[in-house]
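To start, the structure under review is shown below, and the notes come after it.
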Amino acid sequence: MAKSSLLVVGGGIVGLATAYRYTQRRPGALVTLLEKESSVAQHQTGHNSGVLHSGIYYKPGSLKAINCREGKRAMEAFCQEEGIPFELCGKVIVAVDEGDLPALEKIYDRGQANGVTCERIGVERLAELEPHARGIAAIHVPEAGIVDYSAVCARLAEKVTAAGGQVVTGARVTAIRKSADEVVVQSTAGDFVGDQVVTCAGLQSDRVAKLSGAKPDSKIVPFRGEYFELKPSAEHLCRNLIYPTPDPAFPFLGVHFTRMIGGGVECGPNAVLALAREGYGKTTLNVADLAESLTYGGFLRMAAKHWRMGAGEMWRSVNKGAFVKALQRLVPDITADAMVAAPAGVRAQAVLSDGTMVDDFLIEEQGHVVNVLNAPSPAATASLNIGSLIVDRLVGGE
């Protein structure tokens, strides 16, 4: 098999965007992407609710903030050029009571610092935008949007192959061997040789990074996010996107309402420890995965710090009424019989050994290998810019 200029491990949206950006930067160079599943976008990307994030939440100057803003513009341009439906429908971030106001003000300040088009609104304007939402104040973000990231991934794969690259599925990576001038990636689809390697393995990112000889100070802890979908008769309760004011100490956005580009409205997610890294069902169990999480000192320290919030998330997981009650803080008219269970997702959350949840993109280089160790939301929104960032590191000033 021909030697590739670049091997990419992982067929989620970040891996595909990186491969695509490389073909743009170095036309004619052979790029090979390896994906262990039978098709691309089968894990975090394929379980994404499809929000085009504005960048309002993120610390100014962080990789999240920078890449989200630039990446959103790039994603919109790509979708427009490729005929992929998207819509800038807008969102509201709602303060339900006085206790939410300081955090809401901090989010607004971040939005201003990050160049996000947003405005503070009162009860009357909130009622115009989302008549069924309840709050004492809100932020309106008109530039937030929705898109189908699986469709984006399918088109990215087509673009890579059209540029002379290859997307190899059924290729689970088992070993990575480095020498002075090349890297050999062994997989269940055979051995592949490349000048450079980028690993974007999502839920398996720390494990794949270790195959390359890296020793990351973080481990992936999988959190399952459970969703409900509104029945058609209740879809009028949410016009576009309704979010709560998030807890600034916890890197999750809380249960919210999301209108989807293909129709329908999702409600959720909560965030509970998954019993397997790819455990989308409540009872899906991988003993080795669970044991790894439960014996990891970083997870135990994190759990000790956030046990009250964790207990609430677990209660909402087993009790639909509790889940509905959380949603009713935003939309009081929602009822249990207005919702049906929807497919869950699993978030790959990197946790440091001291128990800190990594709240930014984490990308590390080691010789000929670049490892993406943490790419949580808004990674899908930012993916094309993350891909450009990684390619910059690979090719330097070329």
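Would you check if residue 280 is part of a loop (DSSP other than H, G, I, E, B) and aromatic (Phe, Trp, Tyr)?
Numbers: part of a loop (DSSP other than H, G, I, E, B): yes; aromatic (Phe, Trp, Tyr): yes.
The answer is yes for residue 280.
Show the residue pairs that are 6+ apart or on different chains and have beta-carbon atoms under 8 Å apart, the first residue being within region 2-31 and touching a residue at least 24 places away in the same chain (Cβ under 8 Å), the second being of a type in the set (Lys, Arg) and assigned to a helix (DSSP H, G or I).
20/159; 23/159
For region 231-290: of the residues being aliphatic (A, V, I, L, M) and within 16 Å of residue 339 (Cβ to Cβ), which is surrounded by the most Cβ atoms within 10 Å (Cβ to Cβ)? Let's see the steps before the verdict.
Filtering region 231-290 down to residues aliphatic (A, V, I, L, M) leaves 234, 237, 241-242, 249, 253, 255, 260-261, 265, 271-276, 285, 287-288, 290.
Still in the list and also within 16 Å of residue 339 (Cβ to Cβ): 234, 237, 242, 255, 260, 265.
Details: 234: 19, 237: 23, 242: 28, 255: 24, 260: 16, 265: 24.
The residue in question is 242.
Taking region 195-213 as the search range and keeping residues that are of a type in the set (Gly, Ala, Ser) and crowded, with 19+ Cβ neighbours inside 10 Å, which one is farthest from residue 365 (Cα to Cα)? Talk me through it step by step, then tell me what you get.
Here is the first cut: in region 195-213, the ones of a type in the set (Gly, Ala, Ser) are 201-202, 205, 209, 212-213.
Imposing the further condition that a residue be crowded, with 19+ Cβ neighbours inside 10 Å reduces the set to 201-202, 205, 209, 212.
On the way: 201: 15, 202: 16, 205: 14, 209: 10, 212: 11 Å.
Going through the qualifying residues, I end up with 202.
Which of the residues spanning region 238-277 are modelled with pLDDT under 95, among the aliphatic types (A, V, I, L, M), assigned to a strand (DSSP E or B) and within 30 Å of residue 134 (Cβ to Cβ)?
Answer for region 238-277, where residues must be modelled with pLDDT under 95, among the aliphatic types (A, V, I, L, M), assigned to a strand (DSSP E or B) and within 30 Å of residue 134 (Cβ to Cβ): just 272.
So which of 346, 324, 372, 331 is more than 28 Å from residue 94 (Cβ to Cβ), crowded, with 19+ Cβ neighbours inside 10 Å and not aromatic (Phe, Trp, Tyr)? Outline the logic, then answer.
Values: 346 fails: more than 28 Å from residue 94 (Cβ to Cβ); 324 fails: more than 28 Å from residue 94 (Cβ to Cβ); 331 fails: more than 28 Å from residue 94 (Cβ to Cβ).
It is 372.
I'm told residue 193 meets every condition in (1) farther than 22 Å from residue 15 by Cα; (2) hydrophobic (A, V, I, L, M, F, W, C); (3) at pLDDT 95 or above except one. Can you identify the failing condition by its number?
(1)
With respect to residue 289, is the statement that it is assigned to a loop (DSSP other than H, G, I, E, B) and closer than 26 Å to residue 14 by Cα true? I'd like the intermediate steps shown before the answer.
Working: assigned to a loop (DSSP other than H, G, I, E, B): no; closer than 26 Å to residue 14 by Cα: yes.
Against the criterion (assigned to a loop (DSSP other than H, G, I, E, B) and closer than 26 Å to residue 14 by Cα), residue 289 does not qualify.
Taking residue 316 and the conditions (1) within 23 Å of the chain's Cα centre (by Cα); (2) not in a helix (DSSP H, G or I), which numbered condition does it fall short on, given that it satisfies the others?
Just one mismatch for residue 316, condition (2).
Among the listed residues 73, 25, identify the single one that is among the basic types (Lys, Arg), surrounded by fewer than 24 Cβ atoms within 10 Å (Cβ to Cβ) and in the same structural domain as residue 371 (by TED's automatic domain parsing). So that I can check it myself, show each step before the final result.
Details: 73 fails: in the same structural domain as residue 371 (by TED's automatic domain parsing).
Step by step, each of 73, 25 is checked, and only 25 is among the basic types (Lys, Arg), surrounded by fewer than 24 Cβ atoms within 10 Å (Cβ to Cβ) and in the same structural domain as residue 371 (by TED's automatic domain parsing).
Please work out which residue is nearest to residue 163 (Cα to Cα), limiting yourself to region 1-38 and to residues that are touching a strand residue (DSSP E or B) at 6+ places or on another chain (Cβ under 7 Å) and among the β-branched types (Val, Ile, Thr).
Checked region 1-38; the qualifying residue nearest to residue 163 (Cα to Cα) is 23.
Which of (1) touching a helix residue (DSSP H, G or I) at 6+ places or on another chain (Cβ under 9 Å); (2) within 22 Å of residue 86 (Cα to Cα); (3) in contact (Cβ under 8 Å) with a residue 24 or more places away in the chain does residue 220 not meet, given it meets every other one?
It is condition (2) that residue 220 fails.
In this structure, does residue 230 turn out to be over 22 Å from residue 138 (Cα atoms) and in contact with a Cys (Cβ under 7 Å, 6 or more places away or on another chain)?
Values: over 22 Å from residue 138 (Cα atoms): yes; in contact with a Cys (Cβ under 7 Å, 6 or more places away or on another chain): yes.
So residue 230 passes the test.
Is at least one residue of region 352-369 in contact (Cβ under 8 Å) with a residue 40 or more places away in the chain, closer than 16 Å to residue 18 by Cβ, in the same structural domain as residue 182 (by TED's automatic domain parsing) and in contact with a Gly (Cβ under 6 Å, 6 or more places away or on another chain)?
No: region 352-369 contains no residue that is in contact (Cβ under 8 Å) with a residue 40 or more places away in the chain, closer than 16 Å to residue 18 by Cβ, in the same structural domain as residue 182 (by TED's automatic domain parsing) and in contact with a Gly (Cβ under 6 Å, 6 or more places away or on another chain).
What is the one condition in (1) modelled with pLDDT under 95; (2) closer than 25 Å to residue 327 by Cα that residue 367 does not satisfy?
Here residue 367 clears every test but (2).
The values are calculated or read from the model by the stated rules, or taken from the named source; none is laboratory data. Keep in mind that what you see is a predicted model, and the values were worked out from it rather than measured. Cβ coordinates were reconstructed from backbone atoms using ideal geometry, including for glycine residues, and neighbour counts include every protein chain displayed.
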